[in-house]
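As structure tokens, the structure follows; a few thoughts come after it.
The values are calculated or read from the model by the stated rules, or taken from the named source; none is laboratory data. Just so it is clear, the model here is predicted, and its values are computed rather than measured. For neighbour counting, all protein chains shown are included, and Cβ atoms are generated from backbone atoms with ideal geometry for every residue, glycine included. These accessible areas exclude ligands, DNA and RNA; they are computed on the full protein's heavy atoms, side chains included. Shrake-Rupley method; radii C 1.70, N 1.55, O 1.52, S 1.80 Å.
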Amino acid sequence: MDLSAGQQKALFAVIVVVLAGLGIFLITSHGSKQPAASRPSSGSASSSPPAQAAGSPSAVPSPTGAAGNASVNIYQWLPFTQPDLARAAAVTTQVTTDYNTFTYTQSAASYVAQMNGLITSQLSQTLQNGFSTLGVAQARTSQKQVSIGSATIDSIRTFGSSSITFVVTATQKLTGTQGSHTSSAQYAVTVSGQGGSWHVYDIEPAGAGNT
């Protein structure tokens with residue numbers, strides 16, 4: 001059959017369209033299916049992990065060791081022992097609690113006395129000065145304020161060979177002639193010392209930080 005030049009061009013265009021459509025069909029149909037040999041059986045994805053490829057890195061070993069009966073002592077990497085840390089944390093919690101515990105009948109000296117042996121002499125003087133601040137002291141007395149504090153350690157911010165800074169949430173329940181309310185605030189509390197002897201030498205809002 002003899003075709004004119006125009007008919008030949010039209011036929012060629014149709015063939016191209018048909019082949020392109022067939023190619024798209026083959027690509028999409030094969031790409032959406034896995035070969036039967038590689039497709040996981042029903043439920044296998046959740047019941048067992050995929051096999052590790054040859055030459056890939058080994059799994060991270062468990063902290064308890066291969067035998068599962070030897071725990072890692074993290075304190076071998078720290079400049080203090082577990083009892084040291086426990087004592088430092090106890091001092092921090094107690095001082096933060098006492099820091100927010102007071103009554104309008106107290107003097108500055110008696111307020112600080114409840115922290116004796118737990119804070120440095122420099123911090124003791126700083127707290128006495130703060131407690132005696134004229135406006136604060138007048139409000140405390142005129143409103144007959146009584147405060148009960150409590151504290152919880154949130155984290156360790158930083159530590160050195162002889163100091164640790166804890167982030168502590170302090171809760172204060174304040175009552176007086178203006179009623180009562182409870183509030184919370186975060187503090188950065190730094191203790192210094194060695195062994196079982198720790199003293200708080202700084203306490204400030206956690207936002208100001210003490211690094």
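Observations
- For the listed peptides 106-118, 82-94, a ranking on the average number of other beta carbons within 10 Å per residue, highest first, reads 82-94, 106-118.
- Counting only protein heavy atoms and using a 1.4 Å probe, the accessible area of HIS199 comes to about 60 Å².
- Apportionment of accessible area to carbon and sulfur, segment 72-211, percent (1.4 Å): 52 percent
- For ALA86 and THR152, the FRET efficiency from 1/(1 + (r/R0)^6), where r spans their Cβ atoms and R0 equals 22 Å, is about 0.90.
- Per residue, the convex hull spanned by the Cα atoms of segment 111-203 amounts to 102 cubic angstrom.
- Here the calculated FRET efficiency for SER184 and SER161, from their Cβ-Cβ distance with R0 = 35 Å, stands at 0.65, rounded to the nearest 0.05.
- Estimated dipole of segment 65-211 in Debye, rounded to 20 [Cβ of Lys and Arg +1, of Asp and Glu -1, Cα centre]: 280 debye
- Measuring only protein heavy atoms, the 1.4 Å probe finds LYS173 accessible over about 110 Å².
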